[in-house]
Amino acid sequence: MRLYQLFITAFLFVTASVGFAADLPQQILINNVHVFDGINKKRLMNTNVLIEDNLIKQISTDPIAEGSAVVINGSGRTLMPGLIDMHWHSAYANISMQLGLTADLAYHTLIGAKGNTKTLLRGFTTVRDVGGNVFSLAKLTDSGVYDGPRIFPSGPAISQTSGHTDFRPSTAVPADSTMPLTYMERIGHVIVADGVPEVLKRTREALRMGATQIKINSGGGVSSSFDPLDVTQFTIEETRAAVDAAADWHTYVATHVFTDEATQRALEAGVMSIEHGHLLSEKTLKLIKKKGAFLSIQPILDDEDAIQFPEGSFSRQKYIEVTKGTDKVYRLAKKIGVKTVFGTDTLFDPALAEKQGKQLAKLGRWYTPVEVLRQATSTAGELLALSGPRNPYLQGPLGVIKEGAYADLILVNGNPLEDLNLVANPLENFDLIMKDGKVYKNQIQ
């Protein structure tokens, strides 16, 4: 009997010890690094950073006690925040156009999952997905089923009839309310809405699905078949309906737009994120700044990375017009001091998706390295925070290295504040990539 009691006591002691160990926070200590915090133009030299579970617990130039932490010697590398792509399409970036417009939702989701794993390994630990039903992918990524960046999903891009994401065929007119939705509408990638009641309904549906922000289309687009660039889409009343519905859920609206007239209307209605804007004038850029809104623009150029539209096609003509405005708008936005964030807007081009870092490095044509990196870290984090309680990640800030922030980190072999091209080749130059306190890549010996 006594032997049995000793066995039970020992078993309970071991079980309690294991349970206690399981309750202890997991710690990683990164020593001997120079920290770019996402904001300051000078690195904090010879620094040590302690991560506890998924947050940054301590940053110090003095030694930090190791305790039970896993220790990583940074050996003088640069520690910087994980990158943020503010105009990403998980469902469309890594798929051909033919498949993208004909495949079912499951195919889009699985291709998106595989593509987003590569996105994470390029150092992009967060993406704002501005068009497409990726709600399940976001949940599966957060739960650890798939490796990938954090996703801020907009859900269906909302368009008026004849707008940028009205993907119905040319024969689908005249339309009436009894006509069935297209497959892309039924699966939640896009939706058409006309009039204030429909815009309210579709916006509220997107929020019900889990949108962290709303995406609408206020003007013509490059890849769309029926809308010239110069057209203005959604009346101011329709736009305000989307803004008001989003505000009721304590979040904001982002809009696809290129021109002055359409952008000014969107800003007056309360839109906070101007997507693209390559044809804007100084007057409109000043209005963006006055309203406290953000410019989410992409370094689209007619260069070796140009989107391949058939020569002479409607989309090719529009693409050339847009790229001619890129240089001017970046220069004006910098001069005026518009809050600007980085995004790629890669569509139907897996090869171009692989060049995410190269696209970021192209901003060096107009900005200093620290200005470029802020666009993909701290300034992007500011815009993400406008999602308020719709933000799925409320434990700490994103895009910065500070105590209490999420442990989304990159160890760079070199100093990107001096050599921005380091971010163009993450395979060679990013030695460690961490998201949410978990290491996804570690080449440090």
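Coordinate-derived values only; no laboratory data. Remember, it's a predicted structure, so these values are computed and weren't measured experimentally. Because the Cβ atoms are built from the backbone with ideal geometry, glycine has one as well, and the counts that use them run over all protein chains shown.
Starting from 0.36 nm per residue, how many nanometres of slack lie between Glu428 and Ile444 once their C-alpha separation is accounted for? Walk me through the numbers on the way to the answer.
Numbers: separation 16, 0.36 × 16 = 5.76 nm, distance 1.20 nm.
That works out to 4.6 nm of additional length.
How would you order 341-348, 199-206, 61-68, 286-293 from highest to lowest mean count of nearby Cβ atoms within 10 Å?
Numbers: 341-348: 24.1, 199-206: 21.6, 61-68: 11.1, 286-293: 16.8.
Those peptides, ordered most packed to least, come out 341-348, 199-206, 286-293, 61-68.
Show that you can apply the helix-only estimate: for the chain, add -39,500 (n - 2.57) for every DSSP H stretch of four or more residues, divide by all residues, and state [θ] at 222 nm to the nearest 500.
Numbers: 15 runs with 153 residues, N = 445.
About -10000 deg cm²/dmol.
Subtract the Cα-Cα distance of Thr235 and Met97 from 0.36 nm times their separation in residues, and report this length gain in nm to one decimal. Don't jump to the answer; show the numbers that get you there.
Working: separation 138, 0.36 × 138 = 49.68 nm, distance 3.03 nm.
Working it through step by step, the gained length comes to 46.7 nm.
Okay, which of the stretch 302-328 sit inside 17 Å, backbone N to the point 7 Å along the Cα-Cβ direction of Lys289?
Once the point is set 7 Å along Cα→Cβ of Lys289, 328 turn out to lie under 17 Å by backbone N, inside the stretch 302-328.
Compute the length gained on full extension between Ser281 and Ser68: take 0.36 nm times their separation in residues and subtract their Cα-Cα distance, giving the result in nm to one decimal.
On the way: separation 213, 0.36 × 213 = 76.68 nm, distance 5.67 nm.
The span from Ser281 to Ser68 would gain 71.0 nm if fully extended.
Can you tell me what the convex hull of the Cα atoms of the chain projects to on average, as an area in nm²?
Working: hull surface 102.2 nm².
If you wrap the Cα atoms of the chain in a convex hull and average its projections, you get 25.5 nm².
Say R0 is 45 Å: what FRET efficiency, to the nearest 0.05, do Arg208 and Glu371 get from their beta-carbon distance?
Details: r = 38 Å, r/R0 = 0.85.
My answer for the efficiency is 0.75.
Can you tell me what percent of all Cα-Cα pairs in the stretch 22-64 are more than 11 Å apart? Before the final figure, lay out each step's value.
Values: 582 of 903 pairs.
Percent of Cα pairs beyond 11 Å in the stretch 22-64: 64.
Which of the peptides 160-173, 266-279, 362-375, 177-190 is most tightly packed, and how do the rest follow, judged by the mean count of other Cβ atoms within 10 Å per residue?
Working: 160-173: 16.6, 266-279: 24.1, 362-375: 20.1, 177-190: 14.9.
My ranking of the peptides, most packed first, is 266-279, 362-375, 160-173, 177-190.
Leaving out same-chain residues fewer than 8 places away, which lysines sit with a Cα under 28 Å from that of Lys441?
Leaving aside lysines fewer than 8 places away in the same chain, those within reach of Lys441 are Lys41, Lys42, Lys57, Lys114, Lys118, Lys139, Lys355, Lys358, Lys362, Lys402.
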